[in-house]
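No value in this document is a laboratory result; all are computed from the given coordinates. Model, not experiment: these values are computed from the prediction. FYI the Cβ positions are ideal-geometry reconstructions off the backbone, even for glycines, and counts take in every protein chain you see.
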Amino acid sequence: YGVEESTLKKTPGWLTTSVLPGESGMCVVYGHRNRNHLKVLEKVERGDTITVTMDGIAYAYTVSDITIYESTDDLRLPTVDGKTLVLVTCYPFRYSGHAPGKCVVTAQLRLKLPILAGIAGGLLSLKY
C-alpha cells in the first residue's frame, strides 16, 4: 500500500487517502510505466476491462476516459461519481529517463464477483 517510491519499485501503489476497490468514490492507483506494472496502459482504449482483485473478490472496471498531461505539474485527478478506479502512470511511455507528463486512466465499476479458479481478468489485473 502507499505511493512511496519503495512501494512503486515493487508494485503499483494504492493512494491511501482514496477508497478501496469496489467502494463508492475514487480508488487511485499509481505505478511505473517502464516496468510491467502499468506498462499495458500504453495500449489501453475506452471500453477495455481492468480487473482488480482484493480479499477474494474480483472488481471489473470499464475504461471510460484516458487523459494525457504533458507536464506533471498539470496533473489533476478527475472529479467523478460512483465507484471509480483511477490509474496514474508517467508519460510518454517510451521516454528515456524521468518522463515529464502523466497518463490518467479512469474506469467505472461494472462487475463484482468472487474469484473462481480459471477465470481470467481483463486487460490489466491488479491484485491487492
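Projecting label points 7 angstrom from Cα along Cα→Cβ for Thr16 and Ser71 puts them 3.1 nm apart. Comparing Thr51, Asn34, Cys90 along the charge dipole axis of region 17-91, the residue lying farthest to the positive side is Asn34, per the Cβ-charge model. Model label points for Ile115 and Lys43, set 7 angstrom from Cα along the Cα-to-Cβ axis, are 2.4 nm apart. Close amide H contacts of Val28 (hydrogens built in the peptide plane, cut-off under 5 Å, sequence separation of 5 or more or a different chain): Leu15, Ser18, Val19, Val86.
Just for the chain, what percent of DSSP beta bridges are antiparallel, to the closest 5?
Antiparallel bridges: around 75 percent, rounded to the nearest 5.
Coupling constants for region 98-105 follow from the phi torsions by the Karplus curve (6.51 cos²θ - 1.76 cosθ + 1.60, θ = phi - 60°), and in residue order they are 6, 5, x, x, 9, 10, 10, 10 Hz; glycine and proline get x. In a simple Cβ point-charge model (Lys, Arg +1; Asp, Glu -1; nothing else charged), region 1-113 has a dipole of about 340 debye relative to its Cα centre.
If you take the beta carbon distance between Ile57 and Glu5 as r and set R0 to 30 Å, what does 1/(1 + (r/R0)^6) give as a FRET efficiency, to the nearest 0.05? It would help to have the intermediate numbers written out before the result.
Values: r = 29 Å, r/R0 = 0.96.
Once rounded, the FRET efficiency stands at 0.55.
Could you derive backbone 3J(HN,Hα) for region 8-16 from the dihedral phi with the Karplus parameters 6.51, -1.76 and 1.60 (θ = phi - 60°), listing whole Hz in sequence and x where the residue is Gly or Pro? Once θ is set to phi - 60°, the couplings for region 8-16 become 5, 5, 9, 6, x, x, 8, 6, 5 Hz. Computed from phi, the 3J(HN,Hα) profile of region 22-31 under the Karplus parametrisation 6.51, -1.76, 1.60 (θ = phi - 60°) reads x, 8, 5, x, 10, 9, 10, 10, 9, x Hz, with x in place of Gly and Pro. With kT/(6 pi eta Rh) evaluated at 20 °C and eta = 1.002 mPa s, and Rh the Kirkwood radius from Cα pairs, the chain diffuses with a coefficient of 146 µm²/s according to Stokes-Einstein.
Between Thr79 and His98, the simple label model (points 7 Å from Cα in the Cβ direction) yields a spacing of 3.1 nm. Three principal axis extents describe the C-alpha atoms of region 51-96; from largest down they are 37, 27, 16 Å. Proximity of backbone amide H atoms, modeled 1.01 Å from N, is registered between Arg33 and Cys90 at under 5 Å, excluding neighbours fewer than 5 places apart on the same chain.
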